[in-house]
Amino acid sequence: MKGATPSHEGVTGRVRVLPNRNTLGFVALLVAMWYAGASQNNGAAYLLCFVLGGVALVSILHTHRNARGLRVSIGSVVPAFAGDPQTLRVGALAAIGGMHAAIRIKAGATGSSIAFEEISGPQWQFDQLEHSAAERGFFPDLTLAVSSLYPLGFFSARMTLTIACPRWVYPAAEGNRPLPRHLLPARNRGAGIRTEGDDFAGLRTYVQGEPHRHIDWKAAARGQGLFVKQWAGDSDETLILTWQDTAGLAHESRLSQLARWVVTAERSGLSYALDVPGTALPPGSGERHFHACLRVLALYPAEVGP
Amino acid sequence: MKWWRGKHSNLETAPLTGVCVALVLAVVPLLDRMAPWAVAIFAVAILLRLLVNRQQMRLPSMPVKIALLAIGMGGVGISYGGFFGVEPGLGILLILLSLKLLETNTVRDFQVLVLLGWFLCLCGLFFSQDLSRWLYDGCIALLLAASLIRFHYAPRGRSAMRPIWLAVKLVAQASPIILLLFVFFPRSRGDFRFQFSRSVDGVTGMSDQLSPGSFATLTRNENRAFRADFPDGNVPPLSQLYWRGAVLWRGDGMIWARGTGGLPVERPAAQLTGATVRQSIILDPHGSRWLFALDRPASLVRDSEFQPGGFLQSYRPIVAPLRYTVVSRPENHEAGLMPDQRKAALEKPQLISPRVRELVDAWRAENSTDRAVAEAAMHFFRKENFVYSLTPNTYGADALTEFLFERRSGFCEHYAASFATLMRIAGIPSRIVIGYHGGEFNRLGNYVLVRQLDAHAWCEVWLKGEGWIRFDPTNVIAPDRISSGSEYFLESRALAESAAGEPSVGAAGFREMMRETRLAWDNIKYQWDLRVVNYDEDAQQTLFNLAGLGDFAPPVIVLWMAIGALLIFGILAAWLSRVRGETLDPLVREYRKFCRVLARSGVVREPSEGAQHFAERAAALHPEHADAIRKAAALYNAARYGHEAPRPFARAVRELPRLRHITSAS
């Protein structure tokens, strides 16, 4: 077979059965039963102790068997901004037959989790796992913690799976600086600020950080919330978003501000260019350009030194 | 939100109900040991928890729970005057259980609840180690385990029995390890400072006193007293089985008591002769210090001593089934009677009526030897119209005179007491022995079962040159009682008294069948007591010696036990993994193979991709084998959805040509 297992074939791993916080109570019970048997010379208590102890031992095997052979996959992941939840489409398959009961899958060490009551049969089963993307960047894989308490709960089966799942996390789109005023004239139109003569195209909700000039203050006064007026001619303007525009902010905040602007510009239908040290993207707009810009920001090196 | 309202109930009904049922079942046999108010709190907690779960109401909040805990603990402190001991302990357990039940809402809570339930099962075993009780508590423990399984996994569309079945399966698979642990885990008789419990369920049995009616009340008591087997195989005839319990020295007419205080103790072993009879006895706990042995015990049992009159007494009350081996020798040649014992054995009753005095004087005048006087007394009982009766009514102030000359109706204690008293009046040292007589021989288990209804009292008379000689006046009144045992005697009496006159054959056959069944069941319980309940340090050592392991130190045995357990564990693991592979549907197995073949050529099925779509995609990438791939997919769909046999698909997969990797195709 060539190469590594593709991620959508699913990944399985070694199952470890470990004691958990319920184990201690169970051991305490066994000790109490043993003590009762020994101190009273109580054969019946001894037997009950050994029956429960033996059953717990055998339950280790069942716990192991229950998780063994489970395949887990993650579908392609939609990029997210840092700090926002990233939805993962997690699939599970009983790859060697039988049934996997009470499987819990958690993203990372501290992420949220989903539970599969039963995984069996030839088909993949899917569920959405909300994973909170903490840091910006590109991540080739994701570590999932698969666990199950089945059948008795005094031992946990654990399987740590690192699954190939290309995942973009863009810098959080934050910052309240207005859009920079470097506008490239498009179609040789006047280099001024957005002209008011263009056709009114409608309203859209205000996103924090946008210039206040475009807010529909009448609507705001009516208590309808903040809306931004849009003009049809907007797309003819080109905005240049440069690293220098964010001067004065901390390193990560500069990236966030740039991401904010990219989002605002894209939503406003503006044509925009990105110019950060090391990379300069020509003006453009649309889905592809939008993601290209944000990927540049996501991969931008972290600040070196203090 | 109101301050008393906590979280919403979060549990499924089925496992919660299972645990509630198990807890109630575990509490029921302990009811008479628990304060009624604690039981009431428990009942309310059960009902409330089920109700809250049902209607999606809210659980009680933390302040409510703390208040309940304070009330419960205060209640235990007040009603028991402390927190230590069995009853307060059970009270506390019940309160904690009720509170835990009320707050149970998470995985951890549920696990703790089940642990508490198992502990309750253990508490049941403090009071009785009977097989039936163990099975009862064992079933409850199993139900708790099943509830736990059900809690973790609700089987889709399958019956509620499935978790129970799995729990049974777990026990069955664990049984070799359980057996290994039970046999080889070192049993110790350490000095345990803290005792869980030292009491027995209200046992009605023999008492230290003998008074008219004290034995007759036992005739309806079918409870077991003890079981004895004879390791050397020499089982004496049932009529010869006089099980010595205690000797009563102080007599006043019809009422006799121990009166052993201050009496010197003879050394019986030196004076006994005759064939030795070894008995291995499992004594049921009776809360007193009796240790029964055939007349007359010649060896001591651990932690016991001889008492004046040559009977065994344990140092401590017997609160758990006790297994001991004792040797008896039927004959004795006591040369001399100690002066203090003689004095005690001659103490006459305070009140002797003229008629009694006259009777005894007549015997004395007619006979020269003590033996002849005793025989005369026996003859008196035989000759006069005495009746053996279970319901002799109560006697008045001068019970002895009334019994001997007027009513002449009584049970063994009447005859023993009157005979011994008459002997003392005649100046012959006498004493009463209480214990059991006879028993029931169980052919299946080769042991004698002695029940409370076999309780008996007889006399011993000191004859110079012979020693203490047994006289059993009951023998002459109701010889059947002695020759065929108490139960048969009672049964035949009941038959004779029944209005029908002659008993029907069917009824007798049914009774015989019931008796056989009872004996068979008792044999099972006997094996349980013998092999499980009384498997202690000594029994373990005996078994080790028998197996040639006697010389190994406990740590070595523990090591081998662990190795053995690991071995069994490994075998079980291998077996379990084999079973999993087999459960795979053959069609699924073949389909996986199909996907693997295509994946190797570079066409990987998307997780959500159906067979049809996948095959089309693969066919497009492998145009030279498109037909074979499409055919296989069609056969798969026919087998999966059209209920065709999976075999054609398997063949199609096998016959799939070797596919080149798509990247090297061009």
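Could you tell me whether region B:306-318 includes any residue that is open to solvent by 20 Å² or more (accessible area, probe 1.4 Å), modelled with pLDDT of 85 or more, part of a loop (DSSP other than H, G, I, E, B) and under 24 Å from residue B:127 (Cβ atoms)?
Yes, because at least one residue in region B:306-318 is open to solvent by 20 Å² or more (accessible area, probe 1.4 Å), modelled with pLDDT of 85 or more, part of a loop (DSSP other than H, G, I, E, B) and under 24 Å from residue B:127 (Cβ atoms).
Considering only region A:89-115, how many residues are free of Cβ contacts under 8 Å to residues at least 60 places away in the same chain, more than 11 Å from residue A:74 (Cβ to Cβ) and within 14 Å of another protein chain (Cβ to nearest Cβ)?
Here the count works out to 12.
Hey, among the residues in region B:178-217 that are in a helix (DSSP H, G or I) and modelled with pLDDT under 75, which one's most open to solvent (accessible area, probe 1.4 Å)?
Among them, the one singled out is B:217.
Please go through region A:89-107 and give me each residue that is touching a strand residue (DSSP E or B) at 6+ places or on another chain (Cβ under 8 Å) and assigned to a loop (DSSP other than H, G, I, E, B), ordered by number.
A:95, A:98
Taking residue B:619, is it out of contact with any Phe, Trp or Tyr (no Cβ under 9 Å at 6 or more places or on another chain), in a helix (DSSP H, G or I) and free of Cβ contacts under 8 Å to residues at least 60 places away in the same chain?
Considered against the rule, which asks whether it is out of contact with any Phe, Trp or Tyr (no Cβ under 9 Å at 6 or more places or on another chain), in a helix (DSSP H, G or I) and free of Cβ contacts under 8 Å to residues at least 60 places away in the same chain, residue B:619 comes out as yes.
For residues that are in a helix (DSSP H, G or I) and open to solvent by less than 40 Å² (accessible area, probe 1.4 Å), tally how many sit in region B:531-567.
Summing the residues that are in a helix (DSSP H, G or I) and open to solvent by less than 40 Å² (accessible area, probe 1.4 Å) in region B:531-567 gives 9.
Going by the conditions given, is residue B:633 away from every other protein chain (no Cβ under 11 Å) and open to solvent by 30 Å² or more (accessible area, probe 1.4 Å)?
Taking the combined requirement at face value, the residue does not satisfy it.
Condition (residue is of a type in the set (Asp, Glu) and more than 10 Å from chain A (Cβ to nearest Cβ)) applied to region B:97-105: is it met by at least one residue?
The initial filter retains those residues of region B:97-105 that are of a type in the set (Asp, Glu), namely B:103.
When the remaining residues are screened for being more than 10 Å from chain A (Cβ to nearest Cβ), the result is B:103.
Yes, region B:97-105 contains a residue that is of a type in the set (Asp, Glu) and more than 10 Å from chain A (Cβ to nearest Cβ).
Say whether the condition of being more than 8 Å from chain B (Cβ to nearest Cβ), crowded, with 21+ Cβ neighbours inside 10 Å, assigned to a loop (DSSP other than H, G, I, E, B) and of a type outside the set (Phe, Trp, Tyr) is met by at least one residue in region A:74-88. Spell out the reasoning first.
Step one: filter region A:74-88 for residues more than 8 Å from chain B (Cβ to nearest Cβ), giving A:74, A:76-88.
Filter again for crowded, with 21+ Cβ neighbours inside 10 Å, leaving A:74, A:81-82, A:86, A:88.
Next, only the ones that are assigned to a loop (DSSP other than H, G, I, E, B) stay: A:82.
The next check asks that each one be of a type outside the set (Phe, Trp, Tyr); those that pass are A:82.
For region A:74-88, residues more than 8 Å from chain B (Cβ to nearest Cβ), crowded, with 21+ Cβ neighbours inside 10 Å, assigned to a loop (DSSP other than H, G, I, E, B) and of a type outside the set (Phe, Trp, Tyr): present.
Any idea how many residues of region B:249-301 are in a strand (DSSP E or B), closer than 30 Å to residue B:231 by Cβ and touching a helix residue (DSSP H, G or I) at 6+ places or on another chain (Cβ under 8 Å)?
Residues that pass the stated criteria total 2.
Restricting to region A:137-153, what's the tally of residues that are open to solvent by 10 Å² or more (accessible area, probe 1.4 Å), modelled with pLDDT under 90 and not in a strand (DSSP E or B)?
Residues flagged as open to solvent by 10 Å² or more (accessible area, probe 1.4 Å), modelled with pLDDT under 90 and not in a strand (DSSP E or B) within region A:137-153 amount to 1.
Somewhere in region A:22-31, is a residue modelled with pLDDT under 85 and at the interface with another protein chain (Cβ under 10 Å from one of its Cβ atoms)?
There is no residue in region A:22-31 that is modelled with pLDDT under 85 and at the interface with another protein chain (Cβ under 10 Å from one of its Cβ atoms).
Being in a strand (DSSP E or B) and modelled with pLDDT under 85 narrows it down to one of A:208, A:230, so name that one.
Selected residue: A:230, the only one of A:208, A:230 that is in a strand (DSSP E or B) and modelled with pLDDT under 85.
From B:135, B:144, which residue is of a type outside the set (Phe, Trp, Tyr), part of a helix (DSSP H, G or I) and under 16 Å from the mean Cα position of the chain (by Cα)?
B:135
How many of the residues in region B:112-152 are under 23 Å from residue A:100 (Cα atoms), at pLDDT below 95, at the interface with another protein chain (Cβ under 9 Å from one of its Cβ atoms) and crowded, with 24+ Cβ neighbours inside 10 Å?
Total meeting the criteria: 3.
Between residues in region B:455-470 that are closer than 17 Å to residue B:344 by Cβ and residues that are polar (S, T, N, Q) and at pLDDT below 85, which pairs lie under 6 Å by C-beta distance while being six or more apart or on different chains?
Pairs that qualify, where the first residue is closer than 17 Å to residue B:344 by Cβ and the partner is polar (S, T, N, Q) and at pLDDT below 85, are B:467/B:332.
Restricting the search to region A:124-133, which residues are within 9 Å of chain B (Cβ to nearest Cβ) and open to solvent by 60 Å² or more (accessible area, probe 1.4 Å)? Break it down stepwise before answering.
Going through region A:124-133, the residues within 9 Å of chain B (Cβ to nearest Cβ) turn out to be A:124, A:126.
Correct list: A:126 only.
Can you tell me which of B:97, B:90, B:25 is surrounded by 13 or more Cβ atoms within 10 Å (Cβ to Cβ), part of a helix (DSSP H, G or I) and touching a Cys at 6+ places or on another chain (Cβ under 7 Å)?
B:90
Conditions first: (1) farther than 30 Å from residue A:156 by Cβ; (2) among the aliphatic types (A, V, I, L, M); (3) open to solvent by 50 Å² or more (accessible area, probe 1.4 Å). Residue B:161 passes all but one, so which condition is the exception?
Of the numbered conditions (1) farther than 30 Å from residue A:156 by Cβ; (2) among the aliphatic types (A, V, I, L, M); (3) open to solvent by 50 Å² or more (accessible area, probe 1.4 Å), the odd one out for residue B:161 is (1).
Out of the residues in region B:236-280 that are over 30 Å from residue B:410 (Cβ atoms) and at pLDDT 85 or above, which is surrounded by the most Cβ atoms within 10 Å (Cβ to Cβ)?
Here the residue is B:279.
Just to verify a result, which residue in region B:512-530, among those that are open to solvent by 60 Å² or more (accessible area, probe 1.4 Å) and charged (D, E, K, R), is farthest from the chain's Cα centre (by Cα)?
B:512
From the list B:293, B:298, B:345, B:376, pick out the single residue that is more than 30 Å from residue B:224 (Cα to Cα), within 45 Å of the chain's Cα centre (by Cα) and surrounded by 17 or more Cβ atoms within 10 Å (Cβ to Cβ).
Details: B:293 fails: more than 30 Å from residue B:224 (Cα to Cα); B:298 fails: more than 30 Å from residue B:224 (Cα to Cα); B:376 fails: within 45 Å of the chain's Cα centre (by Cα).
Being more than 30 Å from residue B:224 (Cα to Cα), within 45 Å of the chain's Cα centre (by Cα) and surrounded by 17 or more Cβ atoms within 10 Å (Cβ to Cβ) holds for just one of B:293, B:298, B:345, B:376, which is B:345.
How about region A:21-38: which of its residues are over 14 Å from residue B:123 (Cα atoms) and buried (at least 17 other Cβ atoms within 10 Å of the Cβ)?
A:22, A:26, A:38
Among the residues of region B:301-326, write down those that are within 28 Å of the chain's Cα centre (by Cα) and within 24 Å of residue B:469 (Cβ to Cβ).
Within region B:301-326, B:311, B:312, B:313, B:326 qualify.
The values are calculated or read from the model by the stated rules, or taken from the named source; none is laboratory data. Here the structure is a predicted model, which is why all the values come from computation and not from measurement. Ideal geometry is used to build each Cβ from the backbone, glycine not excepted, and the neighbour counts take in all protein chains shown. Ligands, DNA and RNA are excluded from the accessible area calculation, which covers all protein heavy atoms including side chains. Shrake-Rupley method; radii C 1.70, N 1.55, O 1.52, S 1.80 Å.
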